[in-house]
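K.L.:
Mind having a look at this structure? Questions to follow.
The values are calculated or read from the model by the stated rules, or taken from the named source; none is laboratory data. Every value quoted in this text rests on a predicted model; they were computed, and no experiment measured them. Here Cβ is always computed from backbone atoms with ideal geometry, including for glycine, and neighbour counts include all displayed protein chains. SASA here: full protein model, heavy atoms, side chains in, ligands and nucleic acids out. Shrake-Rupley method; radii C 1.70, N 1.55, O 1.52, S 1.80 Å.
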Amino acid sequence: MTTLAFKPKLFSTLRSYDQRQFTTDLLAGIIVGIVALPLAIAFGIASGVTPEKGIITAIVAGLIISVFGGSKVQIGGPTGAFIIIIYGIIQQYGFEGLTIATLMAGVFLIMFGVLHLGTIIKYIPYPIVVGFTSGIALTIFTTQIKDLFGLTMTSVPSDFIEKWVAYIGSFPTIDWWSAAIGIGSVAVIALWPKLAFTNLLRKLPGSLIAIIVMTVVALLLKLYAGVDTIETIGDRFSISNQLPGAQVPSLTWDVIKGLVSPAITIAILGAIESLLSATVADGVIGDRHDSNTELIAQGLANLASPIFGGIPATGAIARTMTNINNGGRSPIAGIVHAAVLLLIFLFLMPLAQYIPMACLAGVLVIVSYNMSGWRSFLSIMKNPKSDVIVLCVTFLLTVVFDLTIAIEVGLICACLLFMRRMAETTDVKVVSDEINPEEEDSDFQMGNLEHLTIPEGVEVYEINGPYFFGAGNKFEEIMGALRHQHPKVRIIRMRKVPFVDSTGIHNLTNLCLMSQAEGIQVVLSGVNDRVQAVLHKAGFDAMLGEENICSHINLALERAKQLV
């Protein structure tokens, strides 16, 4: 019976915690909190909710992930990967539907951790991860064109292609002041690491500098130049710094059934992104996270966040790396980050109404560029054709349809191609006349040379590799091509067969029955203990006869001589 794997890193870290580490964690937490502020606002708005919901998510989920997580340095909160999913769920089911889907995703994540699925999720093929990440990045970029250029549009189509058609048709309505703010924001964020002339300034995120600078510029243009066409957050949303009370939505079975698919998508994406972030962090700090504890913490965070009006959350790679680069080495830094965001929310949130929407669009353009992983995309395009197919299918489905379909179809393609590769690794060959002792492994019982000679009336076939449904068909085809031959004994060597499945057993059974009908006896050679146990459980040895299942080729040849 498996035990519950829940060992938060916070409690083990505190045993050897000292004041020096607290000082570095405090500084790292403050910086990460500042970095998270513009991203939380931008992610909230891009997801189709109010900006304060993005910050509330970063506060609540960030705190819970740091307290209960399986990584020392993981920083949790809203991320760009969820934008498209959240927006789509709100459009179809409303915000209450999103709340229920997030709660369900939290339950699924906890189940993943309790069932020890953390290590399995990390084995999702890399082309799928790159494919849907790049697809999300392109989709996020596409959603920001209207605000980036201040286009006048009554509505923005949800379909990717229709969206670009509408943009092109609306481009004559561009507001050049908004476009200047948006493009200027992109330039400031991109150039800030080179423009910052002190180490302290370099620690400040370019996105925060861009928001401060462009907000001031927009205010000055409005006050002294009469430019009032630059839309701000306050023009679109009413800003509040009041902490929301806990609310649990009403649940019905019909609603739950309808939201299972998006909830699973949120859970799988959250699991992949958080474990990927934790794995990257491990490589930098030389630690090892507990993947199952991390999944349980992610589940708890996604249970708590929607209750307080938040949106789905997961581990954020960029903020986690910012934490590490500034000295954070314990979950205390993540707790400080949440506290900093709470203070900003309570005392500075009303100022967010002056931030230009074009500036936030610029922030998300940079986010989408960083998410795109175009170098990884181009690198995979040079890999085997099967990887390219999985990558392109996942990417195109993410862009044209949605992430749920992309992950499902991508996984199916990856599984089918994996099975094809496995089948190709299994080789079936016919051995004639003699068995070369130099090709045998250490299990071969070296004896006299006559033991290596195949007696007349005996055929020897060797299966190299796993004998599952893909390889079983290949073996059946080879045997079918040789049915015109009528030996007295067929020896099937299975020394290099690590496992056999039901299809393999079925094919072997058919071979034995057809051979017996033709007066041919089948003898198995080199069957390992695991395969023999499977055959015994299936009743195959009783049908063939235990004396015809031999441990090595010497005994099989001796048995064949007796039968001949």
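K.L.:
Kindly evaluate residue 83 against the criterion of being closer than 30 Å to residue 22 by Cα, touching a residue at least 40 places away in the same chain (Cβ under 8 Å) and touching a helix residue (DSSP H, G or I) at 6+ places or on another chain (Cβ under 8 Å). Explain how you work it out, then say what you get.
P.N.:
Working: closer than 30 Å to residue 22 by Cα: no; touching a residue at least 40 places away in the same chain (Cβ under 8 Å): yes; touching a helix residue (DSSP H, G or I) at 6+ places or on another chain (Cβ under 8 Å): yes.
The answer is no for residue 83.
K.L.:
Now for a separate question. Given the criterion assigned to a helix (DSSP H, G or I), in the same structural domain as residue 364 (by the TED database), among the β-branched types (Val, Ile, Thr) and under 24 Å from residue 398 (Cβ atoms), identify the matching residue among 140, 110.
P.N.:
Values: 110 fails: under 24 Å from residue 398 (Cβ atoms).
Among 140, 110, only 140 is assigned to a helix (DSSP H, G or I), in the same structural domain as residue 364 (by the TED database), among the β-branched types (Val, Ile, Thr) and under 24 Å from residue 398 (Cβ atoms).
K.L.:
Now for a different question. If you check every pair at least six apart or on different chains, which have Cβ atoms under 8 Å apart with a residue in segment 184-210 that is free of Cβ contacts under 8 Å to residues at least 60 places away in the same chain first and a residue that is among the basic types (Lys, Arg) second?
P.N.:
193/202; 196/202
K.L.:
Can you find even one residue in segment 461-484 that is open to solvent by 20 Å² or more (accessible area, probe 1.4 Å), assigned to a strand (DSSP E or B), at pLDDT below 70 and not β-branched (Val, Ile, Thr)?
P.N.:
no
Condition check ((1) under 24 Å from residue 44 (Cα atoms); (2) in contact with a Lys or Arg (Cβ under 9 Å, 6 or more places away or on another chain)) across all residues:
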{"residue": "209", "(1), (2)": "yes, no"}
{"residue": "228", "(1), (2)": "no, yes"}
{"residue": "236", "(1), (2)": "yes, no"}
{"residue": "241", "(1), (2)": "yes, no"}
{"residue": "247", "(1), (2)": "yes, no"}
{"residue": "253", "(1), (2)": "no, no"}
{"residue": "259", "(1), (2)": "yes, no"}
{"residue": "266", "(1), (2)": "yes, no"}
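K.L.:
Now a separate question. Please verify whether segment 230-248 includes one or more residues that are among the basic types (Lys, Arg) and under 30 Å from residue 120 (Cα atoms). Explain how you work it out, then say what you get.
P.N.:
First, the residues of segment 230-248 that are among the basic types (Lys, Arg): 236.
Next, from what is left, pick out any that are under 30 Å from residue 120 (Cα atoms): none.
No, segment 230-248 contains no residue that is among the basic types (Lys, Arg) and under 30 Å from residue 120 (Cα atoms).
K.L.:
Another question, then. Across segment 112-160, what is the total count of residues that are at pLDDT 90 or above, more than 20 Å from residue 46 (Cβ to Cβ) and loosely packed, with under 14 Cβ neighbours inside 10 Å?
P.N.:
Total satisfying the criteria: 1.
K.L.:
Can you pull out the helices (runs of 4 or more DSSP H) entirely within segment 1-107 that have at least 2 residues that are open to solvent by 40 Å² or more (accessible area, probe 1.4 Å) and polar (S, T, N, Q)? Can you show your working first?
P.N.:
On the way: elements: 9-13, 19-46, 51-68.
Because the criterion is at least 2 residues that are open to solvent by 40 Å² or more (accessible area, probe 1.4 Å) and polar (S, T, N, Q), the helices (runs of 4 or more DSSP H) in segment 1-107 that meet it are 19-46.
K.L.:
Let me ask something else. Working only within segment 373-399, note down all residues that are part of a helix (DSSP H, G or I), open to solvent by less than 80 Å² (accessible area, probe 1.4 Å) and within 18 Å of residue 269 (Cα to Cα). Reasoning before the result, please.
P.N.:
Narrowing segment 373-399 to residues part of a helix (DSSP H, G or I): 374-380, 385-399.
Keeping just the survivors that are open to solvent by less than 80 Å² (accessible area, probe 1.4 Å) gives 376-377, 379-380, 386-395, 397-399.
390, 391, 393, 394, 395, 397, 398, 399 - these are the residues of segment 373-399 that are part of a helix (DSSP H, G or I), open to solvent by less than 80 Å² (accessible area, probe 1.4 Å) and within 18 Å of residue 269 (Cα to Cα).
K.L.:
For the condition within 25 Å of the chain's Cα centre (by Cα), assigned by the TED database to the domain that holds residue 76 and either under 27 Å from residue 246 (Cα atoms) or not in a helix (DSSP H, G or I) (or both), what is the one hit in 327, 309, 334?
P.N.:
Numbers: 327 fails: within 25 Å of the chain's Cα centre (by Cα); 309 fails: within 25 Å of the chain's Cα centre (by Cα).
The unique qualifying residue is 334.
K.L.:
Could you figure out which of (1) within 48 Å of the chain's Cα centre (by Cα); (2) more than 25 Å from residue 427 (Cβ to Cβ) isn't true of residue 522?
P.N.:
Answer for residue 522: the failing condition is (2).
K.L.:
Going by the structure shown, is residue 158 part of a helix (DSSP H, G or I) and hydroxyl-bearing (Ser, Thr, Tyr)?
P.N.:
Values: part of a helix (DSSP H, G or I): no; hydroxyl-bearing (Ser, Thr, Tyr): yes.
When the stated conditions are applied, residue 158 does not pass them.
K.L.:
On the basis of being under 21 Å from the mean Cα position of the chain (by Cα) and more than 21 Å from residue 280 (Cβ to Cβ), does residue 47 make the cut? Give the derivation first.
P.N.:
Details: under 21 Å from the mean Cα position of the chain (by Cα): yes; more than 21 Å from residue 280 (Cβ to Cβ): yes.
Yes: the conditions hold for residue 47.
K.L.:
Look at residue 528 and say whether it is open to solvent by less than 20 Å² (accessible area, probe 1.4 Å) and among the polar types (S, T, N, Q). Steps first, please.
P.N.:
Details: open to solvent by less than 20 Å² (accessible area, probe 1.4 Å): no; among the polar types (S, T, N, Q): yes.
So residue 528 fails the test.
K.L.:
I'd like the full set of residues that are buried (at least 24 other Cβ atoms within 10 Å of the Cβ) and not hydrophobic (A, V, I, L, M, F, W, C), limited to segment 272-288.
P.N.:
Across segment 272-288, the qualifying residues are 274, 277.
K.L.:
Helices (runs of 4 or more DSSP H) wholly in segment 182-271 with at least 3 residues that are crowded, with 20+ Cβ neighbours inside 10 Å - which ones? Lay out the reasoning, then the answer.
P.N.:
Details: elements: 199-203, 206-224, 233-236, 253-258.
It comes to 206-224.
K.L.:
What pairs come up if the first residue lies in segment 37-50 and is of a type in the set (Ser, Thr, Tyr), the second is buried (at least 23 other Cβ atoms within 10 Å of the Cβ), and their beta carbons are under 7 Å apart, counting only those six or more places apart or on different chains?
P.N.:
Note: pairs meeting the criteria are 47/82; 47/83; 47/86; 47/311; 50/44.
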